[in-house]
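The values are calculated or read from the model by the stated rules, or taken from the named source; none is laboratory data. All values reported here derive from a predicted model rather than from experimental measurement. Heads up, the Cβs are rebuilt from the backbone with ideal geometry, glycines too, and the neighbour counts pull from every protein chain shown. Calculation scope for accessible area: heavy atoms of the full protein, side chains included, ligands and nucleic acids excluded. Shrake-Rupley method; radii C 1.70, N 1.55, O 1.52, S 1.80 Å.
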Amino acid sequence: MIQAAAALAAAHFAAPLAYYLYAKRWLRRPWDVEARDGYTPYITIIVPTYNEAPLIEAKLDDIARQDYPPDKLQIIVVDSASTDGTPEKAERWARQRRAPLEVLREPQRNGKAHALNLALRHARGDIVVITDADSHWPDPQTLRRAARWLSDPTIGAVTCLKRPAGRRGVEATYRDYYNVLRLAESKMWATPIFHGELAAFRKELLEKIGGFPAHLGADDSHTAVLIAASGYRAIAAEDLHCVELVPKQYWRWRVRRAQHLVQHFAASLRLKTPRRFKLPLYAEAYLHLVNPWLLPGAAASLAASGGLPALALLGAGLAALLYKPYRAWVAMQLYLMAGAVRNLWTRDLAWRKEEKTATASRR
């Protein structure tokens, strides 16, 4: 049993480490992108909301600070039956700023992708950017830089690298490694994970794939994979950085995200994709769907074997939790397992609203 536990543990840690080290080699690759400075297409920015009254004005201020021609911007707030006055706040902000803002109201809440598809029917931009109300674009050049990447006709979608507000705790440690993979996969060809803080898509491609997928979570990531499957690059750009707020109910938030990623990768494995995209897609699918279960398998094998050597190994594994990167890794495995189990009875497409703050974090 100890030998079986050792094999499971070795596989659990060796596979992601090998992929991470191999992917880092891709960082040395050139982008092979022909981007044009000064490219300013008409952009539609969609902000989906549900009970975002404490945040919506700050988010709209965030967009207004962008150094982008106002006559080439369309801003749509699509509200999913908020009960806290979110759409009214957005409309008041538009009147005060005399900004070209449209507010669309859904009579009931049907999930983020459903709201995005409603807004997409009203979008006039060549580029459609989705952004969450609880995120921040610290650089006023963010939109210009996103547009510059999309000036290359081989790129169909672009997203940001992101960090949690406060830059501390498990979430920050996890994001440091996470961003390396997003950037490395993008340099290879495309990344299968996108971010709701900023995800920019060619509108023609959104229409070609039938809009945002409403049957699963991680609509941003799955939309990017559908675009990559059709032959276009979907990248996380090194000069696009976003900040996300972290909720007080951190565990529930992470489990819901894990649920949606599990749904996304399970559906993505059924797609026919370009050869260059297969390695990052299949590697990430393995890391999200299979690899997390090897660790408890190893622990269970050790517990079943009994004896001092097995107990010593279990104790060493627990003591290693004092090391922050290891603790962050184990936490993410637990979230993925919890998300996979929770998917058995709910897809959680219209979730309970979590209160977020700029300083919330986890130790």
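Quick look at the values:
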| quantity | calculated |
| --- | --- |
| Net charge, Val33 excluded, C-beta distance under 13 Å - Lys, Arg +1, Asp, Glu -1 | 0 |
| CD proxy at 222 nm, helix term only [per DSSP H run n ≥ 4: -39500 (n - 2.57); per residue of the chain; nearest 500] | -15500 deg cm²/dmol |
| Hydrodynamic radius of the stretch 48-183 per Kirkwood, over alpha carbon pairs, in Å | 16.4 |
| Cut-off under 5 Å, modelled amide H: who pairs with Arg105 long-range | Asp79 |
| Peptides ranked, highest mean first, by Cβ atoms within 10 Å: ranges 268-275, 132-139, 4-11 | 132-139, 4-11, 268-275 |
| Residue pairs, from the table Lys112/Lys272; Lys24/Lys248; Lys203/Lys272; Lys278/Lys324, whose Cα atoms sit over 24 Å apart | Lys112/Lys272; Lys24/Lys248; Lys278/Lys324 |
| Rounded accessible area of Val47 (nearest 10 Å², 1.4 Å probe) | 0 |
| Around Asp126: net Lys/Arg minus Asp/Glu count, Cβ-Cβ under 10 Å | +3 |
| Cβ crowding within 10 Å averaged over residues, with 109-118, 94-103 ranked highest first | 109-118, 94-103 |
| DSSP beta bridge pairing in the stretch 153-301, given as percent antiparallel to the nearest 5 | 25 |
| 3J(HN,Hα) from dihedral phi, the stretch 281-296, Karplus parametrisation 6.51/-1.76/1.60, rounded to Hz, x for glycine, proline | 5, 6, 5, 5, 4, 4, 5, 8, 9, 10, 4, x, 7, 6, 5, x |
| Cross-link reach list, aspartates and glutamates versus Lys208, counting only Cα pairs under 14 Å and skipping chain neighbours closer than eight places | Asp126 |
| Förster radius 22 Å - calculated FRET efficiency between Tyr326 and Leu269, Cβ distance, rounded to 0.05 | 0.15 |
| Size of charge dipole - the chain - debye, nearest 20, with Cβ of Lys, Arg +1 and Asp, Glu -1, no other charges | 660 |
| Length-normalised contact order of the chain in % [C-alpha pairs under 8 Å, at least 6 apart] | 22 |
| DSSP beta bridge pairing in the chain, given as percent antiparallel to the nearest 5 | 30 |
| Accessible heavy-atom area order of Ile2, Ile227, highest first, probe of 1.4 Å | Ile2, Ile227 |
| Enclosed volume per residue, in Å³, of the convex hull spanned by Cα atoms of the stretch 130-277 | 110 |
| Top positive-direction residue, dipole computed over the chain with Cβ charges, set Gly217, Met337, Val47 | Met337 |
| Phi-based couplings in Hz for the stretch 206-220 (Karplus 6.51, -1.76, 1.60; Gly and Pro marked x) | 4, 5, 5, 8, x, x, 7, x, 9, 8, 8, x, 6, 4, 5 |
| The stretch 141-166-the stretch 295-325 distance, computed between alpha-carbon centres (Å) | 42 |
| Neighbour cut-off at most 10 other Cβ (10 Å), DSSP loop, chymotrypsin sites (Phe, Trp or Tyr not before Pro), the stretch 1-91 | none |
| Accessible area in the full protein assembly, largest first, 1.4 Å probe, for Ser230, Ser186 | Ser230, Ser186 |
| Residues whose placed amide H lies under 5 Å from that of Lys162, excluding near-sequence neighbours | Cys242 |
| For a label point 7 Å along the Cα-to-beta-carbon line of Thr346, residues of the stretch 233-258 with backbone N under 13 Å | 252-253, 255-257 |
